[in-house]
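The values are calculated or read from the model by the stated rules, or taken from the named source; none is laboratory data. As the structure is a prediction and not an experimental result, all values here were calculated from the model. A quick note on method: Cβ atoms are made from the backbone with ideal geometry, for glycine too, and the neighbour counts reach across all protein chains shown.
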Amino acid sequence: MSEAVAPVVEVFSSFQGEGLLVGVRQVFVRLAGCPLSCAYCDTAAARQATAVCRVWHEPVGGVSEDLPNPVAASRVAAIVSGMVAAAPHHSVSFTGGEPLLHPDFVVAMAQRMAAGGLQSYLDTACCLPDAMARVAPLMDWVAADYKLPSTIAQPVPFEDFAVCWSQIAGERFVKLVVTGEVSRSEILEFCRQMQATDPKARIVLQPVTPVVPGVEPPRPDLLYVLAATCAEYFADVRVIPQCHRLVGVR
Ligand code: SF4
């Protein structure tokens with residue numbers, strides 16, 4: 001059987017800047033391609049396949065190496081293992097783009113990581129249930145990024161999100177990126193649907209980082225209202241911005 005390959009944008013070591021694992025050291029494997037188009041997308045380059053995979057051998061700037069795409073899972077696994085040998089890491093993060101576009105690659109990598117004792121973390125929009133069914137059993141953590149309707153031209157059906165959510169066996173949380181355009185009514189609709197799916201879901205509201213022109217974060221009063229609305233339905237609701245940007249790391 002041929003080895004799994006995928007177009008990879010970059011591989012680098014940094015701190016997780018979002019969600020419940022904010023602050024842990026991870027190796028990030030950023031996969032190319034995404035079927036969605038969020039208004040606030042800050043990784044637009046990752047939505048297209050790139051000719052090369054850039055490997056950042058130093059956590060901050062420094063030496064990099066370009067590998068021709070697509071890259072074999074064994075090659076990327078060896079690079080990740082080298083980074084983990086050089087400094088302790090909590091896990092490898094599969095991010096994008098949308099990593100579920102490349103389930104064979106993610107599965108092959110996660111199996112290798114597990115054999116080496118490293119946890120796997122998936123950052124996904126939960127928009128591809130069939131791929132999720134294959135990938136989810138190997139993930140120790142999943143950040144499930146639900147796209148609120150006002151933040152995307154073609155929303156992911158909640159039913160697809162719920163099917164993906166139900167397949168996750170490890171730790172999980174929902175991340176909602178919140179812009180100044182998000183309304184209480186759409187948060188309310190999400191909460192009702194999500195509570196029916198999993199009343200114990202942990203919810204992270206992430207105020208958007210204003211890096212895309214015209215996309216602004218919510219005012220503090222709106223953020224309080226949105227968080228209070230979520231708290232009517234769920235016991236664990238947190239507001240966490242993108243922390244990696246605060247300290248100027250990738
Ligand atoms: S899912 Fe992620 S990569 Fe895709 S458009 Fe949205 S923010 Fe960008």
**Q.** Subset of region 39-62 that is away from the ligand (no atom under 16 Å from the Cβ) and assigned to a loop (DSSP other than H, G, I, E, B) - its residue that is modelled with the lowest pLDDT
**A.** Gly61
Q: Six or more apart or on different chains, Cβ under 8 Å: which pairs go from a residue in region 25-38 that's touching a residue at least 24 places away in the same chain (Cβ under 8 Å) and polar (S, T, N, Q) to one that's within 9 Å of the ligand (Cβ to nearest atom) and outside any loop (DSSP other than H, G, I, E, B)? Could you list them?
A: Ser37/Arg47; Ser37/Ile152
Q: Pull up region 114-128, narrow it to residues that are within 16 Å of the ligand (Cβ to nearest atom) and of a type outside the set (Ser, Thr, Tyr), then point me to the one that is nearest to the chain's Cα centre (by Cα).
A: Asp123
Q: Of all residues in region 106-155, count the ones that are surrounded by fewer than 21 Cβ atoms within 10 Å (Cβ to Cβ) and β-branched (Val, Ile, Thr).
A: 2
Q) Could you count how many residues in region 20-38 are near the ligand (Cβ under 7 Å from one of its atoms) and buried (at least 17 other Cβ atoms within 10 Å of the Cβ)? A) 3
Q.
So, Pro210, is that one more than 15 Å from Ile152 (Cα to Cα), in contact with an Asp or Glu (Cβ under 6 Å, 6 or more places away or on another chain) and part of a loop (DSSP other than H, G, I, E, B) or not?
A. yes
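So that you can scan it fast, the table gives a plain yes or no per residue for (1) within 16 Å of the ligand (Cβ to nearest atom); (2) closer than 15 Å to Arg54 by Cα:
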position	(1), (2)
Pro70	no, yes
Ala73	no, yes
Val80	no, yes
Val84	no, no
Pro88	no, no
Gly96	yes, yes
Val107	no, no
